[in-house]
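To start, the structure itself, in structure tokens.
The values are calculated or read from the model by the stated rules, or taken from the named source; none is laboratory data. Remember, it's a predicted structure, so these values are computed and weren't measured experimentally. Neighbour counts are summed over all protein chains in view; Cβ atoms, including those assigned to glycine, are modelled from backbone coordinates with ideal geometry. Just so you know, the surface numbers come from the protein's heavy atoms only, side chains and all, with ligands and any DNA or RNA stripped out. Shrake-Rupley method; radii C 1.70, N 1.55, O 1.52, S 1.80 Å.
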Amino acid sequence: MAQNVDIVSRQTWGAAAPRKKTTLKGTARRVIIHHTALPSCTGLTECKARVASIQRGHMNDRDFDDIGYNFLVGVDGTVFEGRGWGVAGAHAKGHNSDSLGIAFMGNFNNDTPNQDAISSVKRLLQGGVSQGFLHPGFVLLGHRDLGETECPGEKLYAALAQLRSTT
Ligand SMILES: [Zn+2]
């Protein structure tokens with residue numbers, strides 16, 4: 001039985017307070033995988049700074065109420081709380097009210113996602129199911145399945161089968 005993955009809290013990475021918070025309608029039934037299309041990061045110090053800078057960009061430049069994603073993951077598999085469980089994100093226009101958005105930090109058009117990051121996200125999803133935040137029959141999609149975008153990048157898109165498998 002896999003242990004729940006550790007999640008770096010908003011407080012730990014120094015998140016700004018959200019302007020507004022909208023609760024998801026019931027248990028999330030879809031998980032939408034993104035990449036940030038920004039440089040990747042490794043280690044707590046570098047990734048904390050990166051997550052904080054993504055939040056600033058989303059709130060100041062894109063006028064989101066908070067960082068867009070529910071969770072983010074670094075190259076080494078460290079998971080960061082974005083909006084967190086049970087909160088509607090701003091990551092896939094028209095699809096935010098019943099889904100969770102998870103972003104791999106980096107650009108995966110050419111880079112291959114690290115196994116540690118894949119395995120952390122699997123454990124995060126398993127934890128979400130066991131804690132009742134995520135429907136056991138949830139559907140996992142890449143952002144590009146829902147709109148005109150290359151997100152989450154060719155190589156990460158190709159790895160989504162690994163996230164869907166239960167082993
Ligand atoms: Zn995306």
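Quick notes
- The set of residues in the stretch 91-118 being open to solvent by less than 50 Å² (accessible area, probe 1.4 Å) and either away from the ligand (no atom under 13 Å from the Cβ) or in contact with a helix residue (DSSP H, G or I) (Cβ under 7 Å, 6 or more places away or on another chain) (or both) consists of Ala92, Ile102, Phe104, Met105, Phe108, Asn109, Pro113, Ala117, Ile118.
- Which listed residue, of Gly82, Gly14, is more than 16 Å from the ligand (Cβ to nearest atom) and touching a residue at least 12 places away in the same chain (Cβ under 8 Å): Gly14
- When the stretch 5-35 is filtered for residues that are among the small types (Gly, Ala, Ser), closer than 14 Å to Gly128 by Cβ and modelled with pLDDT of 95 or more, only Ala28 remains.
- Flag for Gly128 being in a loop (DSSP other than H, G, I, E, B), open to solvent by less than 10 Å² (accessible area, probe 1.4 Å), away from the ligand (no atom under 16 Å from the Cβ) and within 16 Å of Asn4 (Cβ to Cβ): no
- Condition met for Met59 (within 16 Å of the ligand (Cβ to nearest atom) and of a type in the set (A, V, I, L, M)): no
- The lone exception for Lys25 - which of (1) outside any helix (DSSP H, G or I); (2) among the charged types (D, E, K, R); (3) surrounded by 12 or more Cβ atoms within 10 Å (Cβ to Cβ) it fails: (3)
- Taking the criterion of being in a loop (DSSP other than H, G, I, E, B) and touching a Cys at 6+ places or on another chain (Cβ under 7 Å), the only residue of the stretch 38-69 that qualifies is Cys41.
- Just one of the listed residues (Ser53, Ser40) is within 16 Å of the ligand (Cβ to nearest atom), of a type in the set (Ser, Thr, Tyr) and either surrounded by 12 or more Cβ atoms within 10 Å (Cβ to Cβ) or without any contact (Cβ under 8 Å) to a residue 24 or more places away in the chain (or both), and it is Ser40.
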